[in-house]
Structures are given as structure tokens and as C-alpha cells.
1. So, of the residues in region B:46-72 that are of a type outside the set (A, V, I, L, M), away from every other protein chain (no Cβ under 14 Å) and farther than 16 Å from B:Arg117 by Cβ, which turns out to be nearest to the chain's Cα centre (by Cα)?
2. Taking the criterion of being out of contact with any strand residue (DSSP E or B) (no Cβ under 7 Å at 6 or more places or on another chain), farther than 13 Å from A:Phe37 by Cα, in contact (Cβ under 8 Å) with a residue 60 or more places away in the chain and among the acidic types (Asp, Glu), would at least one residue in region A:118-136 satisfy it?
3. If A:Pro119 satisfies every condition in (1) within 14 Å of chain B (Cβ to nearest Cβ); (2) on the phi < 0 side of the Ramachandran plot but one, which is the exception?
4. So B:Ala24 clears everything in (1) within 14 Å of chain A (Cβ to nearest Cβ); (2) surrounded by fewer than 18 Cβ atoms within 10 Å (Cβ to Cβ); (3) without any contact (Cβ under 8 Å) to a residue 40 or more places away in the chain; (4) not aromatic (Phe, Trp, Tyr) except one condition, right? Which one?
5. B:Arg129 is checked against (1) facing chain A (nearest Cβ under 9 Å); (2) among the basic types (Lys, Arg); (3) closer than 11 Å to B:Leu75 by Cα and fails just one. What number does that condition carry?
6. Which ones in region A:86-103 are aliphatic (A, V, I, L, M), in contact with a helix residue (DSSP H, G or I) (Cβ under 9 Å, 6 or more places away or on another chain) and more than 15 Å from B:Glu126 (Cβ to Cβ)?
7. Would you mention how many residues in region B:78-96 are within 22 Å of A:Lys44 (Cα to Cα) and either β-branched (Val, Ile, Thr) or free of Cβ contacts under 8 Å to residues at least 60 places away in the same chain (or both)?
8. Among the residues of region B:23-72, write down those that are assigned to a helix (DSSP H, G or I), out of contact with any Lys or Arg (no Cβ under 6 Å at 6 or more places or on another chain) and of a type in the set (Gly, Ala, Ser).
Amino acid sequence: MAFLKKCFALFAERFAKPPATSPSAEIEYSLLCRYIFQNSHFSKINNRVKPGAFLPSTHEQSVSAAWIDGLSNQEIWGIGDILGALRRVPASPRARADFNSEVLPNVSLTIEPDPKPHPRHVNLSGWPVEKDAQKDIAQVLCNSSALQVR
Amino acid sequence: MTAYCEMAPPVSAFERKVAVSDIAEMIQRQLNESIEHYFAPRFETLRSEIDAAVEESRASAAPVDEATAQTAFALGARLPRSIPLPEVSFDPDGEMSFDWFGPSKKLFSVSINRSGRLSYAGWFREDSRVHGTEKLDHGFPEEMLRALRRTLR
């Protein structure tokens with residue numbers, strides 16, 4: 001009887017979980033990447049990301065990024081190619097900056113889901129208007145990132 | 001006793017015209033030519049880096065314009081000889097950016113716009129950062145120079 005109760009509990013737990021097929025509120029993601037499309041936005045000599053890679057554009061005041069938890073390197077670059085094809089001048093990413101989302105509250109940035117170009121795409125919002133304050137945040141993100149060159 | 005006198009940025013020599021006689025003018029002209037010759041390789045490298053960044057910016061929504069590039073060159077020319085040239089890039093808003101990387105993740109960056117507004121930020125430690133704005137004037141801004149030296153130590 002105890003054995004049957006254990007089996008029943010196992011089956012109940014197994015079928016209660018939703019399938020993890022796409023990002024959802026139930027799934028906790030923590031790793032983000034910022035795709036870099038210009039060679040001058042990362043330093044090959046120093047193997048580091050430059051602040052310009054993280055600065056928001058004048059019009060949007062947000063920065064594009066993507067969740068990369070559980071993805072292979074190839075899959076991560078694949079998302080970058082999809083997002084790069086949607087740029088004003090289509091391009092493939094030359095590099096990317098991988099970082100943990102836990103750094104964002106420290107610089108008062110928020111994550112806004114934007115699944116239209118890709119289910120894992122997000123915008124980092126809450127940037128200050130002042131350029132020097134933006135650069136300060138960008139530098140924190142630079143130093144929290146690991147540069148991956150394609 | 002010896003004292004170290006850092007080579008003054010050449011721009012100040014070009015800008016100050018105090019010669020009042022023919023001989024004084026000739027001396028000043030020769031001094032400027034000597035300084036220009038001494039700094040020529042450094043200026044050529046700086047110009048080349050700026051031109052490369054301008055070219056790369058052409059694909060962006062806000063390319064760097066000629067006035068911004070000239071102002072950036074003017075800032076770079078004011079760097080003391082003891083400071084290495086920066087890595088040059090551009091920002092999404094069309095400004096030019098100079099970046100220096102130091103040991104222990106230290107980082108200093110300044111963005112320049114066409115009117116000479118300088119927006120800078122420095123990261124020295126997790127609990128030690130600076131940022132602010134300056135205006136490009138005759139020399140390299142002292143506050144920025146202090147932060148830059150701290151980055152490179």
C-alpha cells in the first residue's frame with residue numbers, strides 16, 4: 001500500500017509540471033547576452049567589452065538582449081543572426097557579452113520581454129537621460145560580462 | 001635635485017601666439033615645427049584610428065560626422081605624451097568614444113560630441129566609480145586626467 005502511494009505521488013508530480021518548451025513566467029532565466037555588431041565595440045587586445053556595446057540608442061532608450069540559459073553556443077549565435085537580420089543594415093554579430101541578470105537591479109535597469117523578433121528577446125530599460133550616467137552603467141555591465149568572440 | 005616636467009601638449013604651443021618680433025616669430029615657428037615633427041607618428045596613429053571608427057559608423061543609424069571626428073582628434077592631441085593613445089570607437093548617438101583599459105578591470109571612457117562636450121566615466125573598483133561632463137578647452141581636463149591616470153596605474 002505504501003509502495004502504491006509512493007508511485008501515485010511520483011506520477012502526480014510528474015504530470016503536474018508544464019512542459020518547458022518556451023520562455024514563460026514559470027521558468028526562471030538568469031543568463032543574458034548582448035550581441036555586438038561592430039568590431040570597435042570590443043577590445044581584442046584586452047579581451048574586454050567596450051562601453052559603447054551597451055549604450056542605448058537615442059530614440060529607443062533601451063538595449064536589446066536575449067536569454068541564453070540552456071542554449072548551445074550554436075543556438076546562441078543563431079538567435080544573434082535572427083536579430084541581426086532585422087537591423088537597419090542587416091549584419092551578423094561579431095561577438096557577444098554574456099552576463100548574469102542579477103547585475104541589472106544594481107544599476108536600476110529592468111527587463112522587458114519583447115518576444116516579437118524572438119521568444120527569448122528582451123529589452124533592458126530604465127536608462128538615465130544623461131550621457132555620463134549611461135556610460136557609468138555601461139561600464140558596470142562591461143565589467144560584469146564575459147566577451148565571446150565569434 | 002631633479003624634477004620631471006611633462007611634455008606640454010603641442011596644441012597649446014600652436015594656439016598661443018605671443019611672438020612680437022621677427023626673430024621671436026621665427027623661433028616660435030621653428031618650435032612648433034619641432035613639436036609637430038616629434039608628435040607626428042602619434043598624431044598619424046590617432047587620425048588613423050578615428051578614421052576607421054568613422055568608417056565603421058557609416059552602417060549605424062547615427063554615423064559620426066566630420067565635425068565630431070575633428071573635435072575628437074583635438075581632444076586626443078591634447079593628451080600628455082605619457083598617456084597611451086585610446087582605443088577609438090563610436091556611440092549609437094553618433095558621438096566618438098575613447099576607451100582605456102587598466103589592470104584589475106579598471107576602465108575609463110570619454111565620449112565626445114561635435115560641440116566639445118565630454119561625457120566620461122571611470123570604473124576603478126566595484127565600489128569606486130566616477131562619471132561627469134566637461135567641456136573641451138585649451139588643455140586636457142584635469143579631472144579627467146586624474147581619473148585616467150588612476151585607471152592606468
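1. Filtering first and then ranking leaves B:Arg47.
2. no
3. With (1) within 14 Å of chain B (Cβ to nearest Cβ); (2) on the phi < 0 side of the Ramachandran plot applied to A:Pro119, the lone miss is (1).
4. Against the list (1) within 14 Å of chain A (Cβ to nearest Cβ); (2) surrounded by fewer than 18 Cβ atoms within 10 Å (Cβ to Cβ); (3) without any contact (Cβ under 8 Å) to a residue 40 or more places away in the chain; (4) not aromatic (Phe, Trp, Tyr), B:Ala24 comes up short only on (1).
5. Here B:Arg129 clears every test but (3).
6. A:Ala91, A:Ala95, A:Ala97
7. 11
8. Hits for region B:23-72 are B:Ala24, B:Ser34, B:Ala40, B:Ser48, B:Ala52, B:Ala53, B:Ser57, B:Ala69, B:Ala72.
No lab work stands behind these numbers, since they all come straight from the coordinates. All figures in this text were calculated on a predicted structure; none of them were measured in a lab. Using ideal geometry, Cβ is built from the backbone for each residue, glycine included, and neighbour counts are taken over all protein chains shown.
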